[in-house]
Structures are given as C-alpha cells and as structure tokens.
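Peer 1: A single structure is presented below for examination.
The values are calculated or read from the model by the stated rules, or taken from the named source; none is laboratory data. Remember, predicted model here, so these are calculated numbers, not experimental data. Note: ideal-geometry Cβ built from the backbone for every residue, glycine included; neighbour counts use all protein chains shown.
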Amino acid sequence: MNVVSKTGDPKFATVYVAKVRDNPKALIEFVDALDPKYPREEKWVIIVSTQIGCPIGCLMCDSGSFFLGDLTKGEIFAQIDCVFSDHQPLVTSHCFSSHPKLKIQFARMGEPALNPCVLGVLEELPRKYPVKGLMPCIATTAPAAVASWFERLTGIKNEFYGGGNFQLQFSVNSTDEKARDKMIPAKKWNLFEIAGYGEKFYRAGDRKITLNFALAENMPLDVETIRTHFNPDKFLVKITPVNPTAEAAKNALSTVISPLNPNGADKIAGMLSDAGFETIISIGASEEIAIGSNCGQSVKKAMQKLLDKARGKEVLNGGYSDNGSGLERRTGI
C-alpha cells in the first residue's frame, strides 16, 4: 500500500488516500479521526475501507462512483497500521493496552458485508491489537444476498466482543421501502428483515443496534413504522446529515440537518423519544465538511487530479476553515 496524500486537520480528521494495486485507479481512503471533546488517549476512531470503491451506489455517496473489488485482510490491516505508525509514542507506550476507546469503524469505502475478509479481520483484531477499549463498528446497508455473512458476524461478536464492545449500524435512510430503494439502489433486507436479524443478534449487555437515517428532504421517516418494527430496548435511532458530496449534489439531495441548521430534526427526534427510542442527532464538525472528509470525496478528488494532470491542467489545492465544532445530541432513554 502506498499513501499518495494526507489531508485535513489533525484536531478533527486526517484523510489518507492510498494506492493498493498496480492499477493507478485502485485508490482507497481511510481516516484518523478525533472527537474534539476528547484527547486521542481517551477516544480514537480509525475508519477503514473494505472495498476499492463500492458496488452499492447510494445516492449520497461518492464511493459508489466506481468499483474495483474487495480489499484483502492484509490491505485492511495495512490501513490501521498506517495510522498507528503516525502515532508511535502513544501506540508503543506501556498504557496503550488499557486505552478506554479505540474504535475501528468499517464504514469508509465499500459495503463490508460483501467482503468475506472483513470477518477474518474481526476475528484477528483482538489478537493483533490487544487493547482494552477495542470496539469494531460495522456500518452496512444489509445486502440481501449475504445472510450467511451476518450469521457468522453474530458468532464473532459473541465470541470476541462481549460487554458492549461491538457496534452494528444499519444504513436505513427512510422508513418507506420505495424511498429506501431510491436512496440505496441494491437488493437489501427490508425493515422487517433487519428487525428480525437484530432480535437474534442482540443479547443482554450489548450496545443497542443503530438505525441510521442520513435524512434528506422529502424522504419519509415515520415514527409509527419504526415503533411497529423495532424494539427500543435493542435499537436506537441516529439522524445524520446528507453530506455535501458530488453524488448528493448530482442527485439534488438536500439535507434536513447541517451545522447551519442543527435543529432541523428536533421534532422527529422528540417523537422518537416519546416512542421510547434513544435518539442521536449527529452533525459533523464544519471543519470535516470543509476538509471533504466524507466517503469517497478524497479519492474522487485524487482521481480528478490524475485526470487533470494527464490533460496538462494545473491542479490547485483546496483549503479548509478552522472554526466550528461537531454537534451530537441525545434524546430518549
């Protein structure tokens, strides 16, 4: 793996773009991220890619603009090791094994459930990185064709990640199945099937399963539908913005919440809370948006630079602002 660029603000997020194959277009992204409220010694998030591009093609995601296959187990681990190599004093310190929250998030480029190697990574993570607060996070659209992958995921979680040290997130985006099909144009589990799997996946002591809604204008989010399908003792709801990606702009998706409109989902969050659901409204820092740290953006820019260079055009580096802060609010139980 060859890192070709690093951009961002180390106080918030550093986005790495790396070439992983001989093909110059075989580019991936991974992210070294911080929560501004906590030092790296208390909370550290590393977001990795699982595929080269993504075959799903979600309307708001730049990762789906191309797809060149799965990453190997070694290529996934190489992303984590690369971030660790930039923080050797912490990683090699005697207290690193007691780090309280090291989150490895499989949520960058690619659909993790479509890559069998992800399961191998999850099995090996605790041995390779014996850290007390190690917590993998799988973010998935729940592809319908890989039920066996999810069955094995349940066993891995139960064997290696007890005590709530595992996070599972389903990208739902709407409670209307036709709207979901528009936003996520791939064959996937419906709400009933997601709920059924969650009932089997969850056991006492686990973290609640997250239902994520990247909430776009005119995309239905019906509280009664959520209440009908999902148990608030086992599921929580997370509302996030539709980030300003090239694909979101191309598909004319307008976000309900943003740093400029942080209260746009307050009414629906209140209704969810009244229905018994823990609800998170999570808005990234304005610095992250300015950096362009959303899925696929950095690779898309890198590919454009290659194209411009091939055409003999001058490539200008973009900047980012250094003000603002991330917003996250919880309601409900």
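Each row is one residue, and each column tells you yes or no for (1) closer than 22 Å to residue 162 by Cα; (2) in contact with a Pro (Cβ under 9 Å, 6 or more places away or on another chain).
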residue	(1), (2)
76	no, no
95	yes, no
112	yes, no
122	yes, yes
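Peer 1: Take the residues in the range 237-273 that are in contact with a Ser or Thr (Cβ under 6 Å, 6 or more places away or on another chain) and not in a helix (DSSP H, G or I), then tell me which one is farthest from residue 170 (Cα to Cα).
Peer 2: Keep residues of the range 237-273 that are in contact with a Ser or Thr (Cβ under 6 Å, 6 or more places away or on another chain), which gives 237-238, 240-242, 259, 269, 272-273.
Of the ones still in play, those that are also not in a helix (DSSP H, G or I) are 237-238, 240-242, 259.
Details: 237: 10, 238: 10, 240: 13, 241: 15, 242: 16, 259: 23 Å.
Among those residues, the one meeting the criterion is 259.
Peer 1: Being crowded, with 18+ Cβ neighbours inside 10 Å, touching a Cys at 6+ places or on another chain (Cβ under 8 Å), part of a loop (DSSP other than H, G, I, E, B) and of a type in the set (D, E, K, R), is that true of even one residue in the range 99-106?
Peer 2: no
Peer 1: Suppose we filter the range 152-188 for residues that are under 22 Å from residue 49 (Cα atoms) and not in a strand (DSSP E or B); how many remain?
Peer 2: The total comes to 16.
Peer 1: Further question: Could you check how many residues of the range 205-219 are within 21 Å of residue 139 (Cα to Cα) and either in contact with a His (Cβ under 8 Å, 6 or more places away or on another chain) or in a loop (DSSP other than H, G, I, E, B) (or both)?
Peer 2: Start the filter on the range 205-219 by keeping residues that are within 21 Å of residue 139 (Cα to Cα), which leaves 205-216, 219.
Then keep just the ones that are either in contact with a His (Cβ under 8 Å, 6 or more places away or on another chain) or in a loop (DSSP other than H, G, I, E, B) (or both); that gives 205-208, 215, 219.
Looking only at that region, the number is 6.
Peer 1: Restricting attention to the range 76-93, and to residues there that are free of Cβ contacts under 8 Å to residues at least 40 places away in the same chain and in a loop (DSSP other than H, G, I, E, B), which single residue is nearest to residue 251 (Cα to Cα)?
Peer 2: Looking at residues that are free of Cβ contacts under 8 Å to residues at least 40 places away in the same chain and in a loop (DSSP other than H, G, I, E, B), I get 92.
Peer 1: Please find, among 113, 139, the residue that is part of a helix (DSSP H, G or I) and either surrounded by 15 or more Cβ atoms within 10 Å (Cβ to Cβ) or modelled with pLDDT of 95 or more (or both).
Peer 2: The match here is 113.
Peer 1: Hey, another quick one. What's the number of the condition residue 59 fails, among (1) out of contact with any Pro (no Cβ under 7 Å at 6 or more places or on another chain); (2) closer than 16 Å to residue 139 by Cα?
Peer 2: (2)
Peer 1: Is at least one residue of the range 239-262 among the basic types (Lys, Arg) and modelled with pLDDT of 95 or more?
Peer 2: No, that holds for no residue.
Peer 1: Which is at pLDDT 95 or above, surrounded by fewer than 18 Cβ atoms within 10 Å (Cβ to Cβ) and within 20 Å of the chain's Cα centre (by Cα), of 176, 181?
Peer 2: 181
Peer 1: Mind checking which residues of the range 51-75 are part of a loop (DSSP other than H, G, I, E, B) and within 15 Å of residue 18 (Cα to Cα)?
Peer 2: 71, 72
Peer 1: Provide a single number: the residues in the range 73-101 that are of a type in the set (Val, Ile, Thr) and either under 17 Å from residue 123 (Cβ atoms) or within 22 Å of the chain's Cα centre (by Cα) (or both).
Peer 2: 3
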